[in-house]
Structures are given as C-alpha cells and as structure tokens.
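The values are calculated or read from the model by the stated rules, or taken from the named source; none is laboratory data. Keep in mind the model is a prediction, meaning the values are calculated, not measured. Neighbour counts are summed over all protein chains in view; Cβ atoms, including those assigned to glycine, are modelled from backbone coordinates with ideal geometry.
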Amino acid sequence: MEWWQSFFDETTGQIMFYEEAWQRAEQSCDALVSLLGLAPGAKILDLACGPGRFAIPLAKRGFRVVGLDICEVYLEQARAKAKEHGLQIEFVHGDMRAIPFENEFDAVINLFTSFGYFEQEEDHLQVLREVHKCLKPGGRFLLELQNRDWLIKNFRPRNWQEYQNFFVLEESQMNFARNRIESRWIVLRGAERKEYTLSLRVFTLAELLELFAQAGLRVLGYYGGLHGEPFSLEAKRLAILGKRA
C-alpha cells in the first residue's frame, strides 16, 4: 500500500483544511483566475480537489468546475459543501494518473502540493501527460507546490503544531538520494493518538520544467505563488503556468 492510500482521511482533512485554509483559498481565487487568464464561464478541472476549497469559490465566480480526487471522504465533504451553496459541481472519484476526460477543459489546476506522491518516477510524468490529454488545445495548466530550495534551507526535522483541537508532531528527514521528504505525523486529540507516514517527492524547478516539456506543456512562466510573485530562493511556494502545445 502506498502512503497516500492511508494518509488522507477525516482526521488529516480536519488538520489540513481548517477554516483559515478555506479563507486563504477564497482570497487567492481572483489572483488564480488572473494568472490563468480565464474567460468568464471557462471549464476548469481541479485535480486533487480535496473537499473543494478551490472548486467551490471558483464555481461561485461562474466557472464550470469539475473536481477529481482519490479520497472519497473528501469528495463527500465537497459534494455536501457544494449543495449547501447551491452550486452544480461534478466531483469525480479517480486517480490523476488516469484522468477520465479528453480535450475538455480550458484549464487544469493542481494546488497545495498535490504532486509528487508516487514512488515511481514515471508516474509523475504520466500525471502531466494526462493533464495534456484532458486540456483543450491551448488550454492552461497551473501547478502550485512547495519550493524545494526554500524547504531545504528551512528544514526542521521535528515540528509541533496545534490545529484547532489537534496537536501534531511531525518528524521528517530529507532523503537526498531520492529527492524525497519522508515524514511521520503523530496526531493527538484528547486521549486519542493516530500515526501517519508520508513520502513526498520534491522537485527542483529545472526538473519540473523538463517534465512539462516531456508532457507537451509549454511553460508560460513560473512564480513564487498564486499572486504572481517573483520566484526566488526565499519564496515558500512555486507556481508553474503551462499551456497545451
């Protein structure tokens, strides 16, 4: 079993998708739309949509949105949230290595470090080839994830954080031979204790640019975040904008 098959559940969802995270997504949506250069009513695929924190505010702005995720728990939450807001959003259970659409979307987004999950290197290229397949000719793709260089510079092997009523101890090590961050989460809530592991492939900008090229995605620009900030060693995030060639 791969780590992501057991990591994403209701508990980790409450930790990652707390109220402030939803607010930040809402505040970033207009910048996201501007960066993508989307026309009103464009059709967007939110790849690894989670509980819908970007899909829902995008649908509120009049875009036609489809969300795809591997975690059925998050999809159920997303469907309930969309219904609560009276929004028509299709949420699909699926694997990003086999996206069940072709030539359909004006834009695909993959945000919040939802890339680099797989053990096999060729799977990451396969994801980008699937993105290319499901985009319309000229459609755009935005990938947003952690900046590997900032992460290494500011690496902390042990980190305690509090999220609402959870305490999370994260123990991490950098596997330089494989360019992966391997972590263990110990999650405490009252007397309850859970443990999770994750192994995330972290990419240099050069590696990602090469993957885009191999997948037939022409890079239009890269930034230090969704607001189009300049990319540098000091940027916590990396956003790459590509176009189906």
With a cut-off of at least 2 residues that are assigned by TED's automatic domain parsing to the domain that holds Gly62 and under 24 Å from Lys136 (Cα atoms), name the helices (runs of 4 or more DSSP H) lying wholly within region 1-44. 19-36
Mind checking which strands (runs of 3 or more DSSP E) fall wholly inside region 146-213 and carry at least 1 residues that are closer than 16 Å to Met16 by Cα and under 19 Å from the mean Cα position of the chain (by Cα)? 180-189, 192-201
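Okay, residues lined up against (1) surrounded by 14 or more Cβ atoms within 10 Å (Cβ to Cβ); (2) closer than 23 Å to Ala239 by Cβ:
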{"position": "Phe91", "(1), (2)": "yes, no"}
{"position": "Met96", "(1), (2)": "yes, yes"}
{"position": "Pro100", "(1), (2)": "no, no"}
{"position": "Val108", "(1), (2)": "yes, yes"}
{"position": "Thr113", "(1), (2)": "yes, yes"}
{"position": "Gly116", "(1), (2)": "yes, yes"}
Among the candidates Asn159, Asn165, Asn179, Asn154, which residue alone is within 21 Å of Glu234 (Cα to Cα) and at pLDDT below 95? Asn159
Search result, residues across region 191-228 that are under 16 Å from Leu111 (Cα atoms) and of a type in the set (D, E, K, R): Arg201
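Yes/no per residue for (1) at pLDDT below 95; (2) among the small types (Gly, Ala, Ser); (3) in contact with a strand residue (DSSP E or B) (Cβ under 9 Å, 6 or more places away or on another chain):
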{"site": "Leu35", "(1), (2), (3)": "no, no, yes"}
{"site": "Ala39", "(1), (2), (3)": "no, yes, yes"}
{"site": "Leu47", "(1), (2), (3)": "no, no, yes"}
{"site": "Pro57", "(1), (2), (3)": "no, no, no"}
{"site": "Arg79", "(1), (2), (3)": "no, no, yes"}
{"site": "Lys83", "(1), (2), (3)": "no, no, no"}
{"site": "Gln88", "(1), (2), (3)": "no, no, yes"}
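Conditions tested, residue by residue: (1) closer than 22 Å to Glu162 by Cβ; (2) of a type in the set (A, V, I, L, M, F, W, C).
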position	(1), (2)
Asn179	no, no
Arg184	yes, no
Val187	yes, yes
Val202	no, yes
Leu205	no, yes
Leu208	no, yes
Gly224	no, no
Within region 45-90, track down each residue that is in a strand (DSSP E or B) and among the hydroxyl-bearing types (Ser, Thr, Tyr). none
Tally of residues being touching an Asp or Glu at 6+ places or on another chain (Cβ under 8 Å) and not acidic (Asp, Glu) across region 1-44: 5
Do we have any residue at all in region 210-224 that's out of contact with any Cys (no Cβ under 7 Å at 6 or more places or on another chain), free of Cβ contacts under 8 Å to residues at least 12 places away in the same chain and assigned by TED's automatic domain parsing to the domain that holds Thr11? yes
